[in-house]
Amino acid sequence: MSRCAVRLLFPTAVFLLPLAALAQQIRATPNGLTATEDGTTLEVTALQADKLRIREWRSAPPEDASWAVLPASRTSRATVAADVRGFHTDKLSVEISTGLHLIIRDHHGNVLQEDSTPVQWRGETFHIYKQRGENEHFFGLGDKPGPLDRAGQEFTMWNTDDFGWQESSDPIYKSIPFFMDVKDGRSFGILFDNTWRTSFDFGRESAQEYNFGSQGGPVDYYFLYGPEPKQVMASYAWLTGPAPLPPLWSFGFQQSRYTYSPASQLLDVAAHLRKDKIPADALWLDIDFQKNNMPFTVDPVGFPKFPELVQQLAKEHFHLIVIADTHIADKPNAGYVPYDSGTAGDHFLKNPDGTTYVGKVWPGDSVFPDYTQARTRKWFGTLYKDFVADGVSGFWDDMNEPAVFRYPSKTMPLDTQHRIDEPGFAKRTASHREVHNIYGLLNSQASYDGVLALRPNERPYVMTRATYAGGQRYAVTWTGDNSSTWNHMRMTTPQLINLGISGFSFAGADVGGFAGSPPADLLTKWLEIAAFQPIDRDHSAKGTRMHEPWVDGPEQEAIRKRFIEERYRLLPYMYTVAEETSRDGMPMMRPLFMEFPHATADGSPMDLVTGGAEFLLGSDLLIAPNPSPEEVAPYELHLPPGTWYDYWTGARAGTRSVVQTRDSEVRDSLLASQQTMLTPELAKVPVYARGGAILPLQPLVQNTDETPNGPLTLRVYVPSAGESCSGTVYSDDGHSLNYRKGDFFRMNASCSVSADGLLSVTLDPAEGRYKPWFKQLRIELVGSQRAPQRASIDGKEAALASTGAVPSITFDWNAKGSRITFQ
């Protein structure tokens, strides 16, 4: 290209462009720029200094609206400074050159993302190609099966009811077109906001580039810069909204089956849980509790006294969740209120000829709500009225891809008509091609908003199978109809981690596997690992053997019970992490690179060494199950940098350092020298606490309605020199929205170790108006280099106790704060 240049003048900026680019017209704006070349326009807008929106069109700009992105975020604007390349902010620089070639750099000049070719159009189909580096890794896209790292793989976004899915299956239930790019220790996120059938190729077509595209709709994507992964997560939460805080009981153990019927079977399960003192909080009912599988009905034969059943379970401190499939049985003149009121309000999807679309699902012929109409979502929400009045605690939106049995595609014809009538959108008719991937999101929005309207100050609990980006604002989720195999248990960890990265922090899998009958050891191991995952729901299919915790005899039951009990002891920590998620979008279940992005000198995620088997619960607990769980051979433990303690014994597990080399052979050798070999045992899952963590724990309870009997324990894992030491405990009433009005409790704690070994713990004054359940605190010291001889609280000597090698002190809690010293 010639180095000769011509100075072009614009209203707000001066650009120096090569002669070869004279065919390109660039207009600077206060917030970015637009560039037009050969009839195609590229628009780059700075929403904030580290957040960009990129759009491209060939004729008129597409409608500027989104089902995923919050309106305030989509319309946010940052002031930019024009330069000879394009523009820059305090965090990023943007360059546009010939061919609408886009380059995004950080303020150090490092290329973060660069086009490899112009956008490739073929009719309405298009693909966006980006250059890919050797050390570039990709995470997200929801719960796609396969490895944690998406590099070298390709995926399709098209919500699909795929019963029997396996590791290579794609697509499955969800379309979350968001991924995080991790390259050389720098991270950014991309949300490709296109609801049509989309695709992502992270180097399978060509190792030198990755691409994403769609069969229709707009070129519209968001660039969210870190450079740390946590910053990317915060930006994604800012863009699409964080997941709201669920009720406390939802973090307890949950038991489900397709299906418990009649009601006596459900009551037997509840009684067995209480008799065996297996802590539990929720029971689920699948479609057989309904009359002829018709949503929003109750089978009068199997469940003749449904309100009394709900009340009886509530007296035993069980919350009941019932299924509410998206389809409505096509039952005219049958007194079926959902059909009659939906028809009267013209709420159902249409065929191209204007007639109501009918497809076969569980009740037989069924019709489908048109959730793209705000009024239809409001109507659908009213259908929960009777269940809410009966005291049902939560709702399960299933089959909402939407699934239809009649066709090989497993969904409705793509020319089915949606009549969009939504604030912020143009009022128009759209085909199912455009709406399919957001149907589940809008279904869960209708459910969430409807239940909230019926119980205005209570937190709705909705679980959805299908969804889209932003769906975390309305529902929790699970990984769909998995199988009772060792491989499916192994895949659960990367699936849940990638769901968390994609905004769905509150997620789980069918523990034990839905399809098939797990052998006893598989069910035991799955229940052990699930005790440390955000949602712990044991669920199984009709026709499989029962797999409640007690089904394989007392020895297996005792192991399973012990891990469920440990989950309940950890509830103060889990709930604190969950509340953090609801504010900043940080997932509860995290990959190691989220907390330790610089654990390797070349910036590659440490999780690639572990194979994605290890994960963090919050920032302070590391769970290290066997990456090949069906094997009995020893396996490597990979601890991140820092000091780590065995959670179960308190023993110091070791201190790891960052491997400071870019030579892969030397790096692997050093990593190997730091590893510990673990021997798998049925009754154990290795768990480690980070040095410097202050972990809140409670006495064992049988359900979250029960007030723990005893003090709240703050377990201090003594840090090594140079390590920080802190922790937080959060609490509220566990069910209402009063916490949003200041009715919550939060206490921050920190510790310090002096040169002579003196350890002090500082408890800050309590925040919020809520009074927690505890009146006393117990401080435990794990890992103290020398046994303290005495202790004081705010300068006054206090009694020091010791259980084994763990010194502790118990005292009356002071809301104004305290300082505890061990000498």
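The values are calculated or read from the model by the stated rules, or taken from the named source; none is laboratory data. Just so it is clear, the model here is predicted, and its values are computed rather than measured. Neighbour counts are summed over all protein chains in view; Cβ atoms, including those assigned to glycine, are modelled from backbone coordinates with ideal geometry.
List of remarks:
- Boolean, Asn437 is crowded, with 16+ Cβ neighbours inside 10 Å, closer than 16 Å to Asn159 by Cα, outside the structural domain of Gln290 (by TED's automatic domain parsing) and in contact with a helix residue (DSSP H, G or I) (Cβ under 9 Å, 6 or more places away or on another chain): no
- The sole residue among Phe155, Phe163, Phe126 that is within 27 Å of Ala46 (Cα to Cα) and in the same structural domain as Leu100 (by TED's automatic domain parsing) is Phe126.
- For segment 288-339, a residue qualifies if it is in contact with a helix residue (DSSP H, G or I) (Cβ under 8 Å, 6 or more places away or on another chain) and of a type in the set (Val, Ile, Thr), and the qualifying residues are Thr297, Val298, Val310, Val322, Ile323, Thr326, Ile328.
- Residue within segment 764-771 that is of a type in the set (Asp, Glu) and either within 20 Å of Thr649 (Cα to Cα) or loosely packed, with under 12 Cβ neighbours inside 10 Å (or both) present: no
- Number of positions in segment 133-147 that are surrounded by fewer than 24 Cβ atoms within 10 Å (Cβ to Cβ) and in a loop (DSSP other than H, G, I, E, B): 6
- Residue check, Gln113 part of a strand (DSSP E or B) and of a type in the set (S, T, N, Q): yes
- Segment 638-655 residues that are in the same structural domain as Phe615 (by TED's automatic domain parsing) and loosely packed, with under 15 Cβ neighbours inside 10 Å, paired with ones that are among the charged types (D, E, K, R) and part of a loop (DSSP other than H, G, I, E, B) (beta carbon under 9 Å, 6 or more apart): Trp648/Lys684
- Taken together, the residues in segment 499-515 that are assigned to a loop (DSSP other than H, G, I, E, B), of a type in the set (Gly, Ala, Ser) and over 18 Å from Gly146 (Cα atoms) amount to 3.
- Scope segment 291-328; condition closer than 24 Å to Ala446 by Cα, outside any helix (DSSP H, G or I), assigned by TED's automatic domain parsing to the domain that holds Arg567 and free of Cβ contacts under 8 Å to residues at least 60 places away in the same chain; matching residues: Thr297, Val298
- For Asn703, the stated conditions do not hold, so it cannot be described as over 18 Å from Ser619 (Cα atoms), in a loop (DSSP other than H, G, I, E, B), without any contact (Cβ under 8 Å) to a residue 60 or more places away in the chain and not assigned by TED's automatic domain parsing to the domain that holds Ala282.
- In segment 431-450, the condition of being modelled with pLDDT of 95 or more and part of a loop (DSSP other than H, G, I, E, B) is met by no residue.
- Flag for Gly480 being at pLDDT 95 or above and in a loop (DSSP other than H, G, I, E, B): yes
- Near pairs, Cβ below 8 angstrom, 6+ apart or cross-chain, from segment 236-263 (among the basic types (Lys, Arg)) to any residue that is at pLDDT 95 or above and in a strand (DSSP E or B): Arg257/Trp284
- In segment 412-429, the residues that are without any contact (Cβ under 8 Å) to a residue 60 or more places away in the chain reach residues that are assigned to a loop (DSSP other than H, G, I, E, B) and of a type in the set (Val, Ile, Thr) with C-beta atoms within less than 6 angstrom, at least six apart or across chains, in these pairs: Ile420/Thr372.
- Single residue of segment 772-795 satisfying the filter (modelled with pLDDT of 95 or more and basic (Lys, Arg)) that is surrounded by the most Cβ atoms within 10 Å (Cβ to Cβ): Arg778
- Scanning segment 538-558 for any residue that is touching a Pro at 6+ places or on another chain (Cβ under 8 Å), in contact (Cβ under 8 Å) with a residue 60 or more places away in the chain, hydrophobic (A, V, I, L, M, F, W, C) and outside the structural domain of Tyr647 (by TED's automatic domain parsing) turns up nothing.
Every residue, every condition in (1) farther than 30 Å from Glu458 by Cβ; (2) in contact (Cβ under 8 Å) with a residue 24 or more places away in the chain, yes or no:
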{"site": "Asp743", "(1), (2)": "no, yes"}
{"site": "Asp756", "(1), (2)": "yes, no"}
{"site": "Ser760", "(1), (2)": "yes, yes"}
{"site": "Trp773", "(1), (2)": "no, yes"}
{"site": "Ser784", "(1), (2)": "yes, yes"}
{"site": "Gln789", "(1), (2)": "yes, yes"}
{"site": "Asp794", "(1), (2)": "yes, yes"}
{"site": "Ile809", "(1), (2)": "yes, yes"}
